[in-house]
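Colleague: Dumping the structure here so I can ask a few things about it.
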There are 2 protein chains.
Amino acid sequence: MKRREWLAAAATLSSVAALGGLTGCAAPTLRGTGDLGVVIGRANGTLYLVDTSSRSLIGEVPGLGDLSHASVVFSRDGRFAYVFARDGGLTMVDLLTQRITRRVMQAGNSIGGAISDDGTLVAAQNYTPGGVKVFDARTLEIVADIPALYDPLGTPGKLSRVVGLVDLPGRRFAYSLFDADAIWVTDCSDPKKPLTQKFNGIGRQPYDALVTPDGRHYIAGLFGEDGLAMLDLWADNPGVRRILGGYGKGQEPLPVYKMPHLRGWAVAGRRAYLPAIGRHEVLVVDTDNWQEVGRIPVAGQPVFVMARPDGRQVWVNFAVPDYHRVQVIDTQRQQIVQTIEPGKAVLHMEFTPRGDAVWISSRDDDRVSVFDTAGFRRLAQLEVPAPSGIFFTSRAARMGF
Amino acid sequence: MKRREWLAAAATLSSVAALGGLTGCAAPTLRGTGDLGVVIGRANGTLYLVDTSSRSLIGEVPGLGDLSHASVVFSRDGRFAYVFARDGGLTMVDLLTQRITRRVMQAGNSIGGAISDDGTLVAAQNYTPGGVKVFDARTLEIVADIPALYDPLGTPGKLSRVVGLVDLPGRRFAYSLFDADAIWVTDCSDPKKPLTQKFNGIGRQPYDALVTPDGRHYIAGLFGEDGLAMLDLWADNPGVRRILGGYGKGQEPLPVYKMPHLRGWAVAGRRAYLPAIGRHEVLVVDTDNWQEVGRIPVAGQPVFVMARPDGRQVWVNFAVPDYHRVQVIDTQRQQIVQTIEPGKAVLHMEFTPRGDAVWISSRDDDRVSVFDTAGFRRLAQLEVPAPSGIFFTSRAARMGF
């Protein structure tokens, strides 16, 4: 654990160096929140606060628990970050005062969350106990508890682990039950009486899911069989159908070093770009009929395949051993136009709201890099101990984030 | 001018009543800026500040000049509104301190503006003197002056009126020259040396334009002839082509009570919805080939045809005499699903960032109404003297706004 000790020391030092008189009792500066963001300090349970205009670290908030696989959503005013930690901690952090506003231990093992379209409800998806808990976004008081109850093989009362939670219009949330082979959609428009619509038998072991940017298609990846389960939420009678039958397979299966996140899919125009599982390829799919229309060779096993907000570029990072590289696909030419090496163990990327720049975390180099997306120049470099997820407040204005 | 006097009195009263101790010397409250917005007080040169979470008026800033046809863009942190007034005034308003930060008279007659993708440059499009001026977004110092010079019939040195200015990725701006039948694209990545690419002979008298949400297609309406001019900015060799040949015409032309804004077009999924000029119809166009694929009958001559952010609904307002109504099109069923009457003289609509609500201004009832877009209930009503345009800070994160 030498590494961990070093990281703790580095965090303290960087705090003193980078922040100067800003921390402590100084009055918070009056400022807008549209250009703020956070970086997850995976190893030390710390949230690093960044300014995307000055491209700098502006503060840090420690004490958030186990932040491996942590994710973040934002209040609709952009002032508060809700951090979902792996250990079940849900922490509301004030980006202006740079302090924890509220914190609850809401589960034993948790895997992320979402915020309702109107910003009033925060929902967490849990492994233990399996289910979804919904909180008042202002007070973090629990307003709805939805256990993921199912009856495996005649044994009633079991709880399924929940994955793939996303927000939908109308204070609704969609999520998948890994152990119950189901997708549930819960309407919290009256949070005291949540109404859940259940889709059973959707395929074995949904392990993650996404919703398309228009909120129409909810797509779950299946661990237990090939293909994906898709729910068309705009249909008069929504039902689940199987798409991309060959998706998990390929002709010569390779060892899979890291299971790609489905949130890492890109939808650009009519096309979706997704990581081929275990293969050095990005798949191109027509979202009108959900058929594969092409494959683009890339430098390794893709993990995140993310579209620049305008859809003109798609950026790809990779699993071990190619995780020091990032490649850029031009969606018009359908080919790689750039390869960069931002640092070791690239874990995440986040675009600025209008896509002029991208922020990339390199965990093993303790570095976050900012690149311009037109000329691929490095615009800035921030020292952050073991950075993983990067999240900007502009997510508050977008669905499914 | 009795109406104007009454409005001035009403403004003063509403200021006292609505704001209480908030105005004057009280210290500004620490708050996020993601849920702020402004409403143009057309008759009294005042900007009304609103909070879209509490759905309330939180302040007002007078002294902005002639705000007929005024438009607004926001700084990338969401703190400052840049107000382009008809009289050439460009005013930077601080939404947190509720005061004017800077103000310049930059032209004699101006018609709106844009902010660069990285938030560093603000550009204004002018009738007199015809051209575009570019300002430092922080200081409002002029950094580039681009006169719209052209040579009509061998008379060199004339300046064209400029319309349809939009931001493009890479610190670029596109705009149309009404008198010169041209579209210009200026790259301000080095603002001291702006580089302009000129497309001439694009069709007679471009009067307004829009850019699609992905920044790919710049489309100008033509006053002097039928059809529209379209520039594909992603093409290897961008050129202008004519689309929608019958657009301005129709078989039995009706009197046109109000020329629709092209910014009022909706692009939802693969389809664009646009006001038929002079007819009681909304046209539906396939954006893959820019062919008309349908017409939806509506209650009057459409002015703004705006998509809810998810594209599932399109909201339409109308010219005189039907300007007390708003209709809602369901884009799946391709038909009207709701008609509401928010008040007299509906001038503008603005959706909350994730589309759960819409704000509608009714000029002649001195009212802004907030409707929920799922059940069409009126959620709130704000008294604002002669309101016109409504603009929320979430525009800072979007292209072409």
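Only the coordinates and a few stated rules stand behind these numbers; no lab work does. As the structure is a prediction and not an experimental result, all values here were calculated from the model. Here the Cβ positions follow ideal geometry from the backbone for every residue, glycine too, while neighbour counts run over all protein chains shown.
Colleague: Would you mind computing Rg(Cα) / (2.2 N^0.38 Å) for segment A:56-141, counting N as its residues?
Modeller: Ratio of Rg to 2.2 N^0.38 Å for segment A:56-141: 1.01.
Colleague: Say we join alpha carbon atoms closer than 10 Å with springs in a Gaussian network model of chain B; which of B:D151, B:D322, B:D226 then has the biggest fluctuation?
Modeller: So, out of B:D151, B:D322, B:D226, the one fluctuating most is B:D151.
Colleague: Sticking with the crude label model, points 7 Å out along Cα→Cβ, report the distance from B:D190 to A:A374 in nm, one decimal please.
Modeller: Placing both labels 7 Å along Cα→Cβ, they lie 1.3 nm apart.
Colleague: Over the Cα atoms of the protein assembly as shown, what is the Rg over Rh ratio if Rh follows Kirkwood?
Modeller: Taking Rg over the Kirkwood Rh, I get 0.96.
Colleague: For B:S189, which inter-copy label distances result when the label point lies 7 Å beyond Cα on the Cα-to-Cβ vector, reported in nm to one decimal and in ascending order?
Modeller: 4.8
Colleague: Using +1 at the C-beta of Lys and Arg and -1 at the C-beta of Asp and Glu, which of A:A148, A:P353, A:G221 has the Cα lying farthest in the positive direction of the dipole of the protein assembly as shown?
Modeller: In the protein assembly as shown, that residue is A:P353.
Colleague: Given the Cα atoms of segment B:257-401, and with Rh set as the inverse mean 1/r over their pairs in the Kirkwood sense, what is Rg to Rh to two decimals?
Modeller: For segment B:257-401, the value is 0.94.
Colleague: So the label point sits 7 Å from Cα along the Cα-to-Cβ vector; using that for B:P238, what distances do you get to the other copies, in nanometres, sorted shortest first?
Modeller: For B:P238, the other copies' label points sit at 3.9 nm, shortest first.
Colleague: Can you give me the P(r) profile for segment A:74-221? Cα pairs, bins 5 angstrom wide beginning at 0, each as a whole percent.
Modeller: For segment A:74-221, the pair-distance distribution reads 2, 10, 20, 23, 21, 14, 7, 3, 1, 0, 0.
Colleague: Students often forget the sequence filter, so: which aspartates and glutamates lie under 16 Å Cα-Cα from A:K192 once same-chain residues fewer than 8 apart are removed?
Modeller: A:D136, A:E141, A:D145
Colleague: Could you pull out the pairs from A:K198/A:K344; A:K158/A:K193; A:K133/A:K344; A:K158/A:K344 whose alpha carbons sit more than 31 Å apart here?
Modeller: A:K198/A:K344; A:K133/A:K344; A:K158/A:K344
Colleague: Shifting gears a bit: Testing the spin-label approximation: label points 7 Å from Cα along Cα→Cβ at B:Q332 and A:T155. State their distance in nm.
Modeller: Output for this residue pair reads 3.8 nm.
Colleague: Another question, then. Using amide H atoms built 1.01 Å from N in the peptide plane, name the residues 5+ places from A:D208, or on other chains, whose amide H lies under 5 Å from its own.
Modeller: Long-range HN contacts for A:D208: A:G221.
Colleague: Going by a ≥ b ≥ c, the root eigenvalues of the Cα gyration tensor, does segment A:281-325 fall in the rounded group (a/c under 1.5), the prolate group (a/b larger than b/c) or the oblate group?
Modeller: Oblate shape, in that a/c is at least 1.5 and b/c is the bigger or equal ratio.
Colleague: So, one more: Over all alpha-carbon pairs of chain B, lay out the pair-distance distribution in 10 Å bins, whole %, shortest bin first.
Modeller: Spelled out per bin, shortest first, that is 5, 23, 33, 27, 11, 1, 0.
Colleague: Using Stokes-Einstein with the Kirkwood hydrodynamic radius over Cα pairs, what translational diffusion coefficient do you get for segment A:172-326 at 25 °C and a viscosity of 0.890 mPa s, in µm²/s rounded to a whole number?
Modeller: For these conditions, the coefficient is 151 µm²/s.
Colleague: Quickly estimate the mean residue ellipticity at 222 nm for chain B, helices only: each DSSP H run with n ≥ 4 gives -39500 (n - 2.57), and the total goes over all residues, rounded to 500.
Modeller: -1500 deg cm²/dmol
Colleague: Dipole magnitude of chain B about its Cα centre, charges +1 at Lys/Arg Cβ and -1 at Asp/Glu Cβ only, in debye to the nearest 20?
Modeller: The calculation lands at about 340 debye.
Colleague: Expected output is a single nm value to one decimal: the length gained when fully extending between A:V104 and A:T139, i.e. 0.36 nm times separation in residues minus the C-alpha distance. What is it?
Modeller: Full extension from A:V104 to A:T139 adds 11.6 nm.
Colleague: Going 7 Å from Cα along the Cα-Cβ axis for the label, what nanometre distances separate A:E225 from the same residue across the other copies?
Modeller: Label point to label point, same position, other copies: 6.0 nm.
Colleague: Among rounded, prolate and oblate, which fits segment B:170-230 when a ≥ b ≥ c are the square roots of the eigenvalues of its C-alpha gyration tensor, a/c under 1.5 means rounded, and a/b larger than b/c means prolate?
Modeller: Because a/c hits 1.5 or more and a/b fails to exceed b/c, segment B:170-230 counts as oblate.
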